[in-house]
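The values are calculated or read from the model by the stated rules, or taken from the named source; none is laboratory data. This structure is a prediction, so every number in the text was calculated from the model and none was measured. Here the Cβ is made from the backbone with ideal geometry for all residues, glycine too, and neighbour counts use every protein chain on show.
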Amino acid sequence: MLIIPAIDLRNGQCVRLRQGRREDVTCYDGDPVDVARGFAGEGAEWLHVVDLDGAFTESDSPNRQTLKSIIAAVKIPVQFGGGLRCVEDVERVLELGVARVVIGTLAVESPDSLRTLLRIYGSHRIAVGIDARNGLVMTRGWEKTENLRATAFAREVASAGVERIVYTDIMRDGVLSGPNVRETCELARQSGLKVTASGGVASLEDIAQLREAEPYGVDSVIVGRAIYESRFSLAEAISAGEG
């Protein structure tokens, strides 16, 4: 199982939110570019970078410049999401050198835009983020509840040609309570898609449990707070992912 360390950006700083709430944020020491270099040095094969200011539709953020600096600093691919609300937004970050974008709100609100991006860039560069609370899809920075179940939406994007989804159970995100393995597996089973799990990983045992879901299509996991708070190292997580 691939372990993908996360760098969540708020005003150019590394942070983590609890359950997606913008007011419940923890800032971590360290320049995000140095953090990215450190992850690459420990063996990360991908980075997951999120522009939280973009997700919350906040302007004048330095996060895009920070993203550009991260891409220039490491030789591993960067997956990026947050605030990509139109085709032009996606095009701009891909031009910066992002290897794969993760779109959520745009995919829900404009299926035609999703199909356009898949046609232009291919499914290897366009993933869909499904952020859910109590099984329902959340959009607009995790603040709007859609009348749409996560499993149904996963099937919809699969029919559009998407190959990968990033699934986050918002209630587990940033609280170190363990991932929602059951729902993650069910999403993978019903959609037939490759799934990157996100949210809640607190221990190496959590990674071992997710590894057992690989036959369903859960082939990777994003890890954030547990590494920043030294629950385990990235190297230990990579080892746990290998079995």
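Side notes on the structure shown:
- Within the stretch 217-239, the set of residues being aromatic (Phe, Trp, Tyr) and in contact with a Leu (Cβ under 9 Å, 6 or more places away or on another chain) comprises PHE232 only.
- Scan of the stretch 215-240 for residues that are acidic (Asp, Glu) and modelled with pLDDT under 95, ordered by number: GLU229
- Within the stretch 122-141, not a single residue is out of contact with any Pro (no Cβ under 8 Å at 6 or more places or on another chain), in a helix (DSSP H, G or I), at pLDDT 95 or above and exposed (fewer than 15 other Cβ atoms within 10 Å of the Cβ).
- From the options ALA152, ALA99, residue that is surrounded by fewer than 16 Cβ atoms within 10 Å (Cβ to Cβ), under 26 Å from MET171 (Cα atoms), at pLDDT 95 or above and not charged (D, E, K, R): ALA152
- GLU146 vs. criteria in a strand (DSSP E or B) and surrounded by fewer than 19 Cβ atoms within 10 Å (Cβ to Cβ): yes
- A single member of VAL162, VAL195, VAL166 is closer than 27 Å to ILE120 by Cβ, among the β-branched types (Val, Ile, Thr) and part of a loop (DSSP other than H, G, I, E, B), and it is VAL162.
- Pick from the stretch 205-231, criterion over 14 Å from the mean Cα position of the chain (by Cα) and within 21 Å of VAL35 (Cβ to Cβ), ranking: surrounded by the most Cβ atoms within 10 Å (Cβ to Cβ): ILE207
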